[in-house]
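All of the numbers you see were taken from the coordinates with simple rules; none came from a lab. All values derive from a computational prediction rather than experimental measurement. Positions of Cβ are backbone-derived with ideal geometry, glycine not excepted, and every protein chain shown enters the neighbour counts.
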Amino acid sequence: MRRTMLFFPGNSPNMLLNAGYLGSDSLILDLEDAVAITEKDSARILVRNAITGLEYEKEIIVRINPVGTPFWEKDLETIIPVKPHMIMPTKVGTAEDVRIVSAKIAEIEEACGMEAGSTKLIPLIETALGIENAYQIATADSRVCALFLGGEDLTADLRCKRTKEGKEIFYARTRIVMAARAAGIDVYDTPWTDVEDFDGLVKDAEFAKSLGFTGKSSISPRHIPYINKVFSPTEEEIQYAQDVIDCIERAKAEGKGVVSLRGKMIDAPIVARAVQTLEAARQIKGGK
């Protein structure tokens with residue numbers, strides 16, 4: 001269950017050392033924005049060694065530099081052999097960007113004797129072009145298992161101010177969710193950047209969940225418990241979901257074609273949501 005993804009700068013040994021103990025479901029080890037140009041080489045080596053030496057019991061995502069820079073190929077050549085779960089290509093604007101990265105990964109997987117297609121992709125969409133091409137990006141390659149919205153770079157590209165209210169990224173949020181769900185993959189929201197505003201964080205996370213996001217990323221470990229709670233089903237939701245499934249099973253056993261629960265007809269969408277809720281609860285309980 002991937003509710004939270006926490007960013008860690010790839011050039012910070014202390015942060016990488018503690019990354020696995022801060023409560024997030026996934027770790028994003030960053031080789032891009034958090035790393036100065038002069039430190040790209042050392043960050044790659046540090047991240048590679050952290051993955052192999054620290055044995056994180058978490059999903060590992062490595063954010064690489066954009067296609068078109070002098071860094072992205074070396075990022076992949078250094079990181080893919082140590083088998084991260086996912087690569088996050090950045091500034092993804094078109095489906096071709098995804099295919100270029102995927103082709104390079106395929107070369108490295110083959111050279112290392114790895115299973116073809118074992119490294120998944122979560123494209124970071126953070127430009128107007130990327131938002132408009134979101135569905136094409138989501139369906140560009142079988143490696144793509146989720147989309148990720150980058151609000152800060154997007155608003156810079158839009159030439160507007162990034163606000164706590166988030167009205168300026170509302171269209172982008174709905175567009176990227178629609179694209180991901182149409183493609184049958186997950187979708188993750190941009191971080192909340194005010195480290196001290198927990199009420200604002202919860203409100204923003206609840207809004208993201210209401211739009212259909214699978215989870216939310218974070219730049220602060222202090223935000224993780226709040227986001228995890230928002231994106232976890234409540235006890236009431238779990239109980240209702242179980243009641244729905246029990247009701248359906250009883251109806252099948254009794255040969256009934258129409259069934260209601262607490263005065264409301266139980267149809268296919270309600271059953272589907274109940275199944276999703278129970279599966280989410282199972283994964284959270286199992287730590288998966």
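Residues in the range 12-28 carry Karplus couplings, in order, of 10, x, 5, 5, 5, 5, 9, 4, x, 10, 9, x, 7, 6, 10, 10, 9 Hz; the curve used is 6.51 cos²θ - 1.76 cosθ + 1.60 with θ = phi - 60°, and Gly or Pro positions show x.
If each residue's Cβ is checked for other Cβ atoms within 10 Å, how do TRP192, TRP72 rank with the fewest at the top?
Working: TRP192 26, TRP72 22.
Fewest to most other Cβ atoms nearby, the residues stand as TRP72, TRP192.
Under Stokes-Einstein, with the Kirkwood radius over Cα pairs as Rh, the value for the range 235-286 at 10 °C and 1.306 mPa s is 140 µm²/s. The GNM of the chain, with springs linking C-alpha atoms under 10 angstrom apart, assigns the highest mean-square fluctuation among LEU121, LEU211, LEU154 to LEU211.
Between MET114, MET178, MET265, the Gaussian network model of the chain with springs among Cα atoms under 10 angstrom shows the greatest mean-square fluctuation at MET265. What residue among ALA140, ALA179, ALA103 has the largest mean-square fluctuation in a Gaussian network model of the chain, using Cα springs under 10 Å? Result: ALA103 has the largest fluctuation of those listed.
Annotation: amide H-H contacts under 5 Å for GLY215 (H modelled 1.01 Å from N, sequence separation of 5 or more, or interchain): VAL187, ASP189.
What is the local net charge at VAL177, summed over the other residues whose Cβ is closer than 14 Å to its Cβ (Lys, Arg +1; Asp, Glu -1)?
Numbers: positive: ARG173, ARG175, ARG181, LYS209, LYS216; negative: ASP186, ASP189.
Taking every other residue near VAL177 into account, the sum is +3.
Compared with the direct C-alpha span, the chain from SER210 to THR94 gains 39.0 nm at full extension, assuming 0.36 nm per residue.
Relative contact order, whole percent, for the chain stands at 15, derived from Cα pairs under 8 Å and 6 or more residues apart. Pairs of Lys residues in the range 4-230 are counted when their Cα atoms are under 18 angstrom apart and they lie 8 or more places apart or on different chains; the count is 24.
Sequentially through the range 50-66, phi angles give Karplus couplings (6.51, -1.76, 1.60; θ = phi - 60°) of 5, 5, 7, x, 8, 6, 4, 9, 9, 6, 10, 10, 10, 8, 9, 6, x Hz, Gly and Pro residues having no value and appearing as x. Taking 19 Å as the straight-line reach from the Cα of LYS252, the lysines in range (excluding those fewer than 8 positions away in the same chain) are LYS264. Put simply, the amide H of ILE266, placed in the peptide plane, has neighbours under 5 Å in VAL259, SER260, LEU261, leaving out anything fewer than 5 places away on its chain.
Taking θ as phi - 60° and the Karplus parameters 6.51, -1.76 and 1.60, the scalar couplings of the range 85-95 work out to 5, 9, 10, 10, x, 10, 6, 6, x, 9, 4 Hz in sequence order, x denoting glycine and proline.
If you place +1 on the Cβ of every Lys and Arg, -1 on the Cβ of every Asp and Glu, and leave all else neutral, what size is the dipole of the range 1-128 about its Cα centre, to the nearest 20 Debye? Intermediate values should be presented prior to the final figure.
Numbers: 13 positive and 19 negative charges, 41 e Å.
Magnitude of the dipole: close to 200 debye.
Annotation: amide H-H contacts under 5 Å for ASP30 (H modelled 1.01 Å from N, sequence separation of 5 or more, or interchain): PHE8, GLY10, ARG63.
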